[in-house]
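The values are calculated or read from the model by the stated rules, or taken from the named source; none is laboratory data. Predicted model only: the values in this text are computed from it and were never measured. Note that each Cβ is placed from the backbone with ideal geometry, even for glycine, and that neighbours are counted across all protein chains shown.
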Amino acid sequence: MKNIMSLLKHMKKLVLLPVLILVLFISSCEDIIDLNPYSSISEATAFSTPSLVALSVNGMYNAAELGYYAGAYRGYPFGAAFIEQGDCRGEDVVNNATFFQLTYTATYDRTTANNVNYWNDCYRLINRANIVIEGVTGAVSKGVITEAQGNIYLGEAHFFRAITHLELLFHFARPYKYTANASHMGVPYREKAYVTLDAVDEGTLQHRNTVAECYSKILADLDFAEANLPLKGSVTGNAKITRATKGAAIAYKTRVSLHMWDFAKLKTEAAKLLAYTGTNAYTITADPNTPFTSGYSNTESVFSIENSASNNPGVNAALAQMYNNRHLVNISPIIWRNMSWLTDDKRRNAASGGMINNVGGVIYTNKYKDNVNSTDPSPVIRYTEVILNLAEAYCRTASMAGAPDPDALTYLNMVRNRSLANPAAQAYTATSFANNTALLGAILTERRIEFLCEGRRWPDIHRLQDCSYFPIDGIPAKLANAAVAASLFTLGTSYPGPYGVVAIPGSNYRFLWPIPQTEVDINPTLAAEQNPGW
């Protein structure tokens with residue numbers, strides 16, 4: 001297959017122009033990456049019939065699922081690599097192979113495949129979303145599709161544009177509170193479809209938006225998505241959790257608000273989901289394993305990426321392959337031995353079909369169970385996250401020295417209690433914590449346990465750089481990049497060390513990924529705005 005980056009450099013294109021309209025609905029990378037003149041398949045053709053419009057929209061989902069580099073699918077930006085990278089940038093897993101070693105040890109550079117392709121595939125998806133926005137708008141105006149259907153498609157495109165820019169911010173920009181008004185550099189927020197050379201030339205003039213500007217645009221896109229997407233009760237089958245819905249847009253706004261430290265908005269958005277009833281309702285399943293055993297039919301998964309036997313990131317990236325079958329990433333003793341994680345918690349269940357695999361005393365997640373066909377959904381956001389976001393919002397807006405906030409305590413227990421062997425005796429009560437600061441610590445720990453091996457650790461590390469009560473300075477120390485001895489998993493005490501990968505202070509340039517070399521070589525604007533130190 002042709003090397004897309006060499007081709008783009010030769011043609012002086014941005015990496016955000018990886019595809020023409022054809023890429024939106026053809027999955028063969030040989031066909032996708034061969035950049036023929038745009039006129040060879042015009043926008044008018046691609047959006048000329050209802051079926052072609054639908055295929056173009058479906059192409060966004062395919063792009064979100066698979067990603068591509070080095071002759072294989074890898075699951076960027078929202079498939080398997082979304083989770084694996086988010087885990088391996090943190091300390092709660094141990095990477096055992098070379099796949100994510102440079103990510104895990106923070107020894108990446110401007111040419112390292114994982115961070116380079118994260119950038120590339122995110123902007124590929126953003127460009128696809130922008131092409132859909134332009135194409136669908138035109139199709140509606142010409143009567144090709146109804147306005148009602150067009151609005152749903154537009155909602156999906158705005159949803160993907162928002163969440164993909166958010167993902168870029170987690171890796172390539174400092175946290176929201178790094179400056180008082182979030183005026184520091186974010187990422188270029190791309191809102192135009194790049195399908196001609198003239199448009200690409202124009203795109204090279206766009207500077208990085210500030211973090212504040214990026215978050216404002218993300219929220220605007222999510223507001224648009226919420227207004228135009230259907231409720232999950234009006235769709236059927238897998239689409240309830242694998243297509244963007246109003247609930248998914250709202251849930252994401254709670255995540256965005258958490259990273260903005262806007263707890264009033266977080267409460268407002270979460271209240272919308274809590275008010276849903278009947279077929280539109282989201283609930284926490286009675287057993288923590290249910291979202292991972294039920295596949296695509298449970299009340300807790302808000303938005304997941306669909307994988308099938310014939311369409312998944314493959315043996316080098318699919319979740320069940322990396323975490324389960326090939327045992328390339330294991331749970332770290334750092335979190336496994338955390339004293340707040342009760343020994344009889346159901347999330348420690350190693351029985352057949354349980355939530356963990358014990359392989360010779362070394363602990364691996366078993367959330368992703370289909371190591372034959374790799375059909376497990378890639379969880380992007382679950383209702384439990386909304387509830388823990390809400391718990392944190394109530395806790396942080398109460399007096400931190402005061403008695404535990406009852407609402408924060410209630411929401412924490414909503415998530416934790418379903419995993420307890422004996423909730424009546426083991427549930428947290430107001431007397432469990434001296435004050436709200438201690439309660440906040442329990443909420444943050446619960447996030448680490450609940451979302452273990454779901455890619456959520458790095459975003460929390462990123463935002464907690466600026467926490468007044470439980471700050472994380474940079475990238476935490478972690479075990480060496482290798483399989484760990486079974487003896488290190490013995491419960492009873494917190495993990496005391498050793499740490500083979502030393503902590504990296506937040507002031508260190510390696511806290512952020514660099515803008516890829518392939519981008520700065522052809523984009524003088526971003527070359528001048530490279531992350532400091534790179």
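Values for this structure:
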| read-out | value |
| --- | --- |
| One residue from T397, T410 being out of contact with any helix residue (DSSP H, G or I) (no Cβ under 6 Å at 6 or more places or on another chain), surrounded by fewer than 20 Cβ atoms within 10 Å (Cβ to Cβ), of a type in the set (S, T, Y) and at pLDDT 95 or above | T410 |
| Residue match in the range 193-206 (condition: in contact with a Lys or Arg (Cβ under 6 Å, 6 or more places away or on another chain) and either surrounded by 22 or more Cβ atoms within 10 Å (Cβ to Cβ) or not in a loop (DSSP other than H, G, I, E, B) (or both)) | yes |
| Residue that is surrounded by fewer than 23 Cβ atoms within 10 Å (Cβ to Cβ), of a type outside the set (G, A, S) and touching a strand residue (DSSP E or B) at 6+ places or on another chain (Cβ under 9 Å), where the choices are T98, T105 | T105 |
| Residue satisfying condition, being assigned to a helix (DSSP H, G or I) and not charged (D, E, K, R), within set A248, A244 | A248 |
| Matching entry among T137, T105, T146 (being among the β-branched types (V, I, T), within 30 Å of I335 (Cα to Cα) and over 17 Å from the mean Cα position of the chain (by Cα)) | T105 |
| Inter-residue pairs, beta-carbon under 7 Å, first within 22 Å of H171 (Cβ to Cβ) and in the range 472-492, second of a type in the set (D, E), 6+ apart | P476/E91; A477/E91; K478/E91 |
| Positions within the range 342-374 being more than 15 Å from V93 (Cβ to Cβ), modelled with pLDDT of 95 or more and among the β-branched types (V, I, T), in sequence order | T343 |
| Positions within the range 448-462 being surrounded by fewer than 21 Cβ atoms within 10 Å (Cβ to Cβ) and within 15 Å of R255 (Cα to Cα), in sequence order | W458, D460 |
| Options T429, T445; residue that is among the β-branched types (V, I, T), out of contact with any strand residue (DSSP E or B) (no Cβ under 9 Å at 6 or more places or on another chain) and without any contact (Cβ under 8 Å) to a residue 24 or more places away in the chain | T429 |
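Results for (1) in a loop (DSSP other than H, G, I, E, B); (2) more than 22 Å from the chain's Cα centre (by Cα), shown as yes or no for each residue.
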residue: C453; (1), (2): yes, no
residue: I461; (1), (2): no, no
residue: L464; (1), (2): no, no
residue: S468; (1), (2): yes, yes
residue: I472; (1), (2): yes, no
residue: A480; (1), (2): yes, yes
residue: V484; (1), (2): yes, yes
residue: T493; (1), (2): yes, yes
residue: P498; (1), (2): yes, yes
